[in-house]
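First up is the structure itself, then whatever we jot down about it.
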Ligand code: NDP
């Protein structure tokens, strides 16, 4: 059956301006790192994308290597896009990235102009798109001059293959240098994509200052710590959870669900209950309380997780007592 998106979708979520750019992003976006591999059920993937768009999520985040195998998420997304979203292209912000190992030989990894240029062409073919809205350098390359990497990003924008540029996993000093280079080239950096959650607060140590000062956007990933900051691991490891499925490619493992982490999660869950939120909702609200965060890229294995998570974006106000309590739990 033809997909008809919810007519009220734009009333369901807030949009924040991405730095001082012309683009607004929904406070929650959807990422396709996991659950969109070749073996994942097509209809479930479709339902997740429908649930996102029906709730006003206009931004889908991909990368060349998402799968498994690498490239599979872009192929699956491309198929669903052609089936259901083609006529909504102008309502969507679609991103891809290059920076991790993608193909054999010296030109399939890191940050050379040769790699970034070829990889974006491959991504566009896999998704069946003429352009992506955002193209990212996925991780800094210690060997390629930053000037070369940034001029490759500038080039793809000038060619119309990407509208905006982002950088991911850059530390504060290298992010500032990349932002300056892009500025000089005339293609400003739209946004930075770092990991940020209650257990991993490294961006509070410099990166958020760069983002605020330079007035660029920030879109965070793994803000639920891959599911650990939800109620699913409170009483063991469910077989259908990300940890329980024994995935590879950086997925959370059983050994990372430690006794200490579960103890903290249980305490945090009590604070969330006091706010009439689930832990997942509070974990997302906690990230969004900082106005410098434009959006959170959510992962989802089921469509119902999208609507559930969106409720978290409704109450992002925390009292000083709640914040102190959360900090004291995390510091235990
Ligand atoms: P999350 O921390 O949001 O984890 C997603 C997982 O949390 C889901 O698969 C699901 O786990 C669980 N979950 C989500 N919502 C709920 C809910 N409401 N209730 C209970 N459980 C829930 O993010 P990811 O680590 O998946 O990252 C999100 C996106 O960020 C990626 O898809 C990618 O686009 C981007 N990313 C970018 C990186 C980079 O280097 N730039 C690196 C990593 C991610 P379960 O499967 O167990 O049901």
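All of the numbers you see were taken from the coordinates with simple rules; none came from a lab. Keep in mind that this is a model prediction, so the values were computed, not measured. So basically every Cβ, Gly included, is an ideal-geometry build from the backbone, and we count neighbours across all protein chains shown.
In the condition set (1) in contact (Cβ under 8 Å) with a residue 40 or more places away in the chain; (2) farther than 30 Å from residue 209 by Cβ, residue 29 is compliant with all but (2).
Pick out the one residue from 316, 237, 306, 297 that is closer than 27 Å to residue 205 by Cα and either without any contact (Cβ under 8 Å) to a residue 60 or more places away in the chain or in a helix (DSSP H, G or I) (or both). Walk me through how you get there before you give the answer.
Values: 237 fails: closer than 27 Å to residue 205 by Cα; 306 fails: closer than 27 Å to residue 205 by Cα; 297 fails: either without any contact (Cβ under 8 Å) to a residue 60 or more places away in the chain or in a helix (DSSP H, G or I) (or both).
Of the residues listed, the single one that is closer than 27 Å to residue 205 by Cα and either without any contact (Cβ under 8 Å) to a residue 60 or more places away in the chain or in a helix (DSSP H, G or I) (or both) is 316.
Which of the residues that make up the range 64-97 are touching a helix residue (DSSP H, G or I) at 6+ places or on another chain (Cβ under 8 Å), crowded, with 18+ Cβ neighbours inside 10 Å and outside any helix (DSSP H, G or I)? Answer for the range 64-97, where residues must be touching a helix residue (DSSP H, G or I) at 6+ places or on another chain (Cβ under 8 Å), crowded, with 18+ Cβ neighbours inside 10 Å and outside any helix (DSSP H, G or I): 64, 66, 67, 71, 94, 96. Does residue 16 satisfy the condition of being over 27 Å from residue 250 (Cβ atoms) and out of contact with any helix residue (DSSP H, G or I) (no Cβ under 7 Å at 6 or more places or on another chain)? Judged against the criteria, residue 16 is a match. Checked against (1) in contact (Cβ under 8 Å) with a residue 60 or more places away in the chain; (2) assigned to a helix (DSSP H, G or I); (3) surrounded by 22 or more Cβ atoms within 10 Å (Cβ to Cβ); (4) touching a helix residue (DSSP H, G or I) at 6+ places or on another chain (Cβ under 7 Å), residue 211 passes all but condition (4). Evaluation of residue 230 against the conditions (1) within 16 Å of the chain's Cα centre (by Cα); (2) crowded, with 18+ Cβ neighbours inside 10 Å; (3) in a loop (DSSP other than H, G, I, E, B); (4) within 13 Å of the ligand (Cβ to nearest atom) shows that the sole unmet condition is (1). If you filter the range 240-260 down to residues that are assigned to a helix (DSSP H, G or I) and away from the ligand (no atom under 14 Å from the Cβ), you find that the one that is nearest to residue 102 (Cα to Cα) is 255.
What strands (runs of 3 or more DSSP E) completely inside the range 11-60 contain at least 2 residues that are surrounded by fewer than 19 Cβ atoms within 10 Å (Cβ to Cβ)?
So the answer is 15-17.
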